1. Can you give the net charge of the other residues whose Cβ lies under 9 Å from the Cβ of P118, counting K and R as +1 and D and E as -1?
2. If one computes the Cα centroid of region 335-364 and of region 128-198, what distance in Å separates the two points?
3. What do you get for trypsin sites (Lys or Arg not before Pro) in region 267-372 restricted to DSSP loop and a cutoff of at most 14 other Cβ within 10 Å of the site's Cβ?
4. Relative contact order (percent) for region 79-159, with alpha-carbon contacts under 8 angstrom and 6 or more residues of separation?
5. Roughly what would the spin-label model give for R122 and R373, points 7 Å off Cα along C-beta, in nm?
6. Could you name the lysines in cross-link range of K18, using Cα to Cα under 24 Å and dropping any fewer than eight places away on the same chain?
7. What net charge do the residues around L178 carry, taking every other residue with its C-beta under 12 Å from that of L178, with Lys and Arg at +1 and Asp and Glu at -1?
Amino acid sequence: MAIGEAGAGSVRRGVQPKRLEETMRVRLGRECVYVPSCRFGLYVALRHWCPPGGRVLMSPVNDDVIFFVVLAAGLRPVQAPLNPLDASIDIDAVPDETWRSVSAVLTTNLYGNPDPAPSLRRKCDALGIPLFEDAAHAIGSRVGDRPVGAWGEASVFSLSKHVGAKAGGMLSLADPGLRDAVEKTCAGLLTPRRQGSELAYGIRPYAEAAVRGLRLRRAAWAAIRLLGLADREEIRMPLRPDELARAARHAPGLDAHHPWVRVDMHDYRQESGRLRLRRVGRRLDRLDEVLDACRAGTELLLSTPWAKTRDGHGTQPLFRVPLFVADRDAAIAALARRGIIVGYLYDPPLDDYAGERFTDLSPAPEAARWFARHALPVDPLRARTVVEVLERSGARPAEAPGKPPRGRPAPGGLGQFRG
């Protein structure tokens, strides 16, 4: 379908974006278009393939920003039943009537654990609907014989996660013939870059380093809140249902949904300046080093009593490793005392958060609720420190649904998890 929303903005393609795109094209084996953020790229993809009013099957354990991107595209989110061990879509548990009603599927690949893309690809082909891959957490993960992001009609990547650039994204296309149309659409939706925003981006790493060095995290967060720069106080942003319902009257469109889509990244649709592009390029050049370190940390964390793994996944370079603890709040507090802040929590699931006014509820919600309540997303680059903290705090593993309780983890120090 043609996108009617794109304006008459010109296509501005510099040498730097082309180099970034080529780097990702080599990794994925498919065409790539640089975008200012993953969420912006997903919006463009949804608008291109899905007519307004369509229904998108997705995971309820997901960032609420992604939920609002689907709504902004004029689509109805449909929450899928999940595998409780990694929050991937449980294909066999999706009712036949749901499959017949959806017009697209959106994977999450949560924390880098891949959704069953080969099976979803076959299902989408049989139904004649597109498959979209949100690979924000999964830039180095693989499933089947391909990288995550090489299965769908389109896939989106974040260059803020493993790459660590705190800016930028990539929209990957199965059909290279769509590149020109996608570039024009992106150009029509971008907002001009602002000098103040570029300067803030430039000094942010140095400010963060100073905060870490001076141990001023609490003071820094207090200042951010006083300045009105904090978008959320809880895990989920405020839904504001009446305002959201009014915004829906203007869908598809980013402008009406901007208060929700911008959360945690106010410049998500802003044209990238040279400073951002240079930093993204430098970070992208070091990606393999980061992925190797993530694999090592993931392997350590998966050997602990708090891990629950699925067969056949192997050791992926996870962005976060979900450990499962009985009392997550206590574990988070113990880690905070060591200066480790736990993020990327998605609790409650989206259908409990938004309700049937804005989404179709999952037919089997318990697995998602269990995962959302007990998953402790751990940065694999902090693996040893986290294991030490959890051991010393006596954190008990959460029992997967239907399994008898096991006791506390055995004592013995970090060395018992080295394999």
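Rule-based calculations on the coordinates, nothing more; no lab input. As the structure is a computational prediction, the values presented were derived from the model and not from experiment. Cβ: placed from backbone, ideal geometry, glycine included. Neighbour counts: every protein chain shown.
1. +2
2. 24
3. R286, R310, R338, R357
4. It rounds to 25 percent for region 79-159.
5. 3.4
6. K161, K166, K184
7. Within the 12 Å Cβ shell, the charges total -2.
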